[in-house]
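The values are calculated or read from the model by the stated rules, or taken from the named source; none is laboratory data. What you see is a predicted model; the values in this text were computed from it and never measured. Heads up, the Cβs are rebuilt from the backbone with ideal geometry, glycines too, and the neighbour counts pull from every protein chain shown. Just the protein is used for accessible areas: all its heavy atoms, side chains included, with ligands, DNA and RNA removed. Shrake-Rupley method; radii C 1.70, N 1.55, O 1.52, S 1.80 Å.
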Amino acid sequence: LSVWAVLAPIAALNTVAVLAPPILSTDVFSYVAYSRMGGLYHLNPYLHGPIIVQSDPLIHFVGAKWITTSTVYGPLFTAFGYLLAPFDLAVNVLAYKLFAAISNLLVVVFVWKSAALRGLNPVKAITLVGLNPVTIIYGVGGGHNDLVMLALLMGAVYLLLCDREGRSGGLIAVATAVKLTGGLLLPFALAEGRWRRHVRWPLTRLLAGVAAATAAIAALTVVLFGSSVLHLLGTLESIQSHGGTHSVPGWLLTTVGLHGWIGPVGAVLDVAFVGSVIWLTVEVWRGRLDWITAAGWATVALLLTAGFLLPWYVAWLIPLTALSTDRRLQRVSLALTAVCL
């Protein structure tokens, strides 16, 4: 296929997904609720769920599971939402969906450029990313912030490939401040830095970029949320521990009649996930494994061991797969896409 034969349907599908109503998810209404809590009612979204503003008409659009749950998103994304708080619901929903589409297109651009730098077929890479149905239907259709995080993360990958370690580290920190999942790339970027002998002080420059961006984000966080942002970790842990059948291990255990084992098995899988990340990082540090491929397998481990898995989470994996030469990773990514659908 020519590049235009791929780019045209990517652009068309993103446009349709933006103009459609929110698809298969009510998360975008949660985004609006958290922004209105802080921006209009001066309530801390890291301490309260949307139910605290039950007089607001928006409350009827928030999913029942999340009505009492405080925000699980990074401080930078939460702060950004405050800017949209004064506008009505329709403007907010369209804005979040538009940001998701723009972010998705940026992911395509960064993957295209990064694939060329890595000697891969750019058309094949952007096909895997831009025409992935989970990303289009759930990601853009639902206006999910995962795509914003991914755009920043793939920008960091591209900058690192261009030997701009400081800026790359800064973008990784910013992506993590949108959604904590973005931080999974950092250990592999650091391990890869050992082999960048054509660049002076690659690890130092990468860490300096991370530190500078983190300091700026921390200052903003303290001003807007104080120390309450630390409650984010407890909220995430609670959600992961109550995922039930909304996870690969939970679904399998329930299917065979072992639902009561979800908690103990989940604890073992958490340890297994941490162990796999450490092992993969060491393999990159020793020069035995490509850093992007390792980050892709770490993401696979995260998806398979998560206590709570939503379909659009597979979008975290697809751009890394597109930039990897490991065909096993590509097969697993396609299988996970099918499972999520």
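Helix content alone sets the calculated 222 nm mean residue ellipticity of the chain: runs of n ≥ 4 DSSP H residues at -39500 (n - 2.57) each, divided across all residues, give -20500 deg cm²/dmol. For region 167-227 and region 246-310, what is the separation of their Cα centres, given in Å? Cα centroid of region 167-227 versus Cα centroid of region 246-310: 23 Å apart.
Of all the options Ile52, Ile102, Ile318, the one that moves most in a Gaussian network model of the chain with Cα springs shorter than 10 angstrom is Ile52. Note that region 147-283 presents 50 Å² accessible area per residue, ligands and nucleic acids not counted, probe 1.4 Å.
For region 20-146, the convex hull spanned by the alpha carbon atoms encloses 108 Å³ per residue. Compute the label zone of Leu252 within region 278-302: residues whose backbone N is under 17 Å from the point 7 Å along Cα-to-Cβ. Answer for this model: 298-302.
Every Cα-Cα pair of region 138-194 was included, and the share exceeding 13 Å stands at 56 percent. Multiplying the residue separation of Ala116 and Ile102 by 0.36 nm and subtracting their alpha-carbon distance yields 2.9 nm. Suppose R0 equals 45 Å. What FRET efficiency, 1/(1 + (r/R0)^6) with r the Cβ-Cβ distance, do Ser228 and Leu341 give to the nearest 0.05? My answer for the efficiency is 0.75. When the inverse distances between all different Cα atoms of region 241-287 are averaged and flipped, the Kirkwood radius reads 11.8 angstrom.
Within region 156-243, the ratio Rg/Rh, alpha carbon atoms throughout and Rh by Kirkwood, equals 1.07. The Kirkwood hydrodynamic radius of region 8-86, based on inverse pair distances between different Cα atoms, is 13.3 Å. Cα-based radius of gyration for the chain, normalised by 2.2 N^0.38 Å, reads 0.98. Compactness of region 228-341 is given as radius of gyration and Dmax, 15.1, 43 Å, from Cα positions. May I ask for the angle, rounded to the nearest 10°, between helix 327-340 and the longest principal axis of the chain, with both axes built from Cα atoms and the value confined to 0 to 90°? That helix lies at roughly 10 degrees to the long axis.
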